[in-house]
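Report on the structure given below.
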Amino acid sequence: MILVTGATGTVGREVVRRLPDGVRVRLMTRNPAKLRATGVMGTTGATGATGATKEIVAADFDAPRSLEHALRGVSTALVVTSRVGGDDDLRFVRAARAVGVRRLVKLSAAAVLDPGAVDLITRWQRTTEELLRSSGLEWTLLRPRSFMSNTLSWAASVRSERVARALHGASANACVDPRDIGEVAARVLTEEGHAGKAYTLTGPEPITPAEQTEQLAQALKVPLRFEELTLEQARAGLAGRYPAPLVEALLESAQRQRAGAKSAVDGTVCSLTGRPAITFRRWAHDYRDAFTAGGGFSP
């Protein structure tokens, strides 16, 4: 039995879609009704398109007993946490040890390898990685670069203004398609030979926000304009979504990208999946409908 946390998230839902036939998977959620409404369970009852047999379990990182209940009978679990600085990973590891889980697969980030990355988020990610390594359980770490899907944040301005806005438009990032992360994770969760390994996952090439805008325009077949945000504009936009410490951490991360810290390409996606990593051009083509309104653009 495999347990997947974050099953409705950007990576989790891609993992669930890619688990092979015959695999029993348990999806952990605080709100089972909400999970069923997302369509992650598939359209054929307990068995989705991949043939993996799915069940839902209600559990909360703040309730250790519920975690033990969710993990009982599980051999391998995908750990996706997002509360920076919290104890979610510690509670999960303790529960996994208590009920005899064999291996944990942790979604981390490529920034942990950068000695210049000392922001709040990266320090927390390093702490969670060390927690797994010292847990006494088998472990595997997945360290993706930024998600190509982050550009979905441009959808509203693309629809209404045909404009994409970002900080440091000429800074390159070897961003990765979440579908590639999902395929790698599905393999790691179901195959042997991955214990004690850490995999850095990137796209096939570094790309700048300005270049992403150009490729998105080609996918949409409309002209788009890129506008570079000032530091204060970026800070104000982030402040509407995140607490101040996280805002500053994200701005520090953007500055490292500007300095070239996120442009290196890693071939792990190809070596584990047997095919090249997906390009941003293909991602933009596949998700072009997310940037349109009713099949067209708002005036």
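The values are calculated or read from the model by the stated rules, or taken from the named source; none is laboratory data. Since this is a predicted model, take the numbers as computed values, not measurements. Cβ atoms come from the backbone with ideal geometry, glycine included; neighbour counts cover every protein chain shown.
Here is a yes/no grid of residues against (1) within 20 Å of the chain's Cα centre (by Cα); (2) at pLDDT 95 or above; (3) crowded, with 21+ Cβ neighbours inside 10 Å:
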| residue | (1), (2), (3) |
| --- | --- |
| 130 | yes, yes, no |
| 139 | yes, yes, yes |
| 151 | yes, yes, yes |
| 154 | yes, yes, yes |
| 171 | no, yes, yes |
| 174 | yes, yes, yes |
| 178 | yes, yes, yes |
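Which residue out of 117, 109 is within 20 Å of residue 140 (Cβ to Cβ) and either buried (at least 21 other Cβ atoms within 10 Å of the Cβ) or at pLDDT below 95 (or both)?
Working: 117 fails: within 20 Å of residue 140 (Cβ to Cβ).
The unique qualifying residue is 109.
So which residues in the range 119-144 are touching an Asp or Glu at 6+ places or on another chain (Cβ under 8 Å), within 22 Å of residue 261 (Cα to Cα) and not hydroxyl-bearing (Ser, Thr, Tyr)?
Scanning the range 119-144 gives 119, 120, 141.
Checking residue 278 against (1) without any contact (Cβ under 8 Å) to a residue 12 or more places away in the chain; (2) within 19 Å of residue 11 (Cβ to Cβ), which test does it fail?
Evaluating residue 278 over (1) without any contact (Cβ under 8 Å) to a residue 12 or more places away in the chain; (2) within 19 Å of residue 11 (Cβ to Cβ) leaves (1) as the failure.
Which strands (runs of 3 or more DSSP E) sit wholly inside the range 84-175 and have at least 1 residues that are over 29 Å from residue 226 (Cα atoms), in contact with a strand residue (DSSP E or B) (Cβ under 9 Å, 6 or more places away or on another chain) and not aliphatic (A, V, I, L, M)? Steps first, please.
Values: elements: 103-107, 138-144, 163-167.
It comes to 103-107, 138-144.
Could you run through the range 57-83 and say how many residues are within 20 Å of residue 185 (Cβ to Cβ), at pLDDT below 95 and assigned to a strand (DSSP E or B)?
Qualifying residue count, the range 57-83: 1.
For the range 188-201, which positions are surrounded by fewer than 16 Cβ atoms within 10 Å (Cβ to Cβ) and either under 20 Å from the mean Cα position of the chain (by Cα) or polar (S, T, N, Q) (or both)?
Our first condition is that a residue be surrounded by fewer than 16 Cβ atoms within 10 Å (Cβ to Cβ); within the range 188-201, this holds for 191-193, 195-197.
Within the range 188-201, 197 is the sole residue that qualifies.
From (1) closer than 21 Å to residue 208 by Cα; (2) surrounded by fewer than 22 Cβ atoms within 10 Å (Cβ to Cβ); (3) not β-branched (Val, Ile, Thr), pick out the condition that doesn't hold for residue 164.
All conditions pass for residue 164, except number (2).
Working only within the range 268-280, note down all residues that are within 14 Å of residue 206 (Cβ to Cβ) and assigned to a loop (DSSP other than H, G, I, E, B). Break it down stepwise before answering.
Of the range 268-280, the ones within 14 Å of residue 206 (Cβ to Cβ) are 277, 279-280.
277, 279, listed by residue number.
If you go through the range 198-232 one residue at a time, how many are out of contact with any Pro (no Cβ under 9 Å at 6 or more places or on another chain), within 30 Å of residue 107 (Cα to Cα) and among the β-branched types (Val, Ile, Thr)?
Here the count works out to 3.
Each row is one residue, and each column tells you yes or no for (1) surrounded by fewer than 13 Cβ atoms within 10 Å (Cβ to Cβ); (2) closer than 20 Å to residue 144 by Cβ; (3) in contact (Cβ under 8 Å) with a residue 40 or more places away in the chain; (4) not aromatic (Phe, Trp, Tyr).
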| residue | (1), (2), (3), (4) |
| --- | --- |
| 224 | no, no, yes, yes |
| 227 | no, no, yes, yes |
| 234 | no, no, yes, yes |
| 243 | yes, no, no, yes |
| 248 | no, no, yes, yes |
| 256 | no, yes, yes, yes |
| 260 | yes, yes, yes, yes |
| 265 | no, yes, yes, yes |
| 268 | no, yes, yes, yes |
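I'm told residue 105 meets every condition in (1) in contact (Cβ under 8 Å) with a residue 60 or more places away in the chain; (2) more than 19 Å from the chain's Cα centre (by Cα) except one. Can you identify the failing condition by its number?
(2)
Cβ contacts < 8 Å: first residue part of a strand (DSSP E or B), restricted to the range 185-199; second residue among the basic types (Lys, Arg), any location; separation 6+ or different chain. Result?
As it stands, the answer is 198/143; 199/143, since those pairs meet every condition given.
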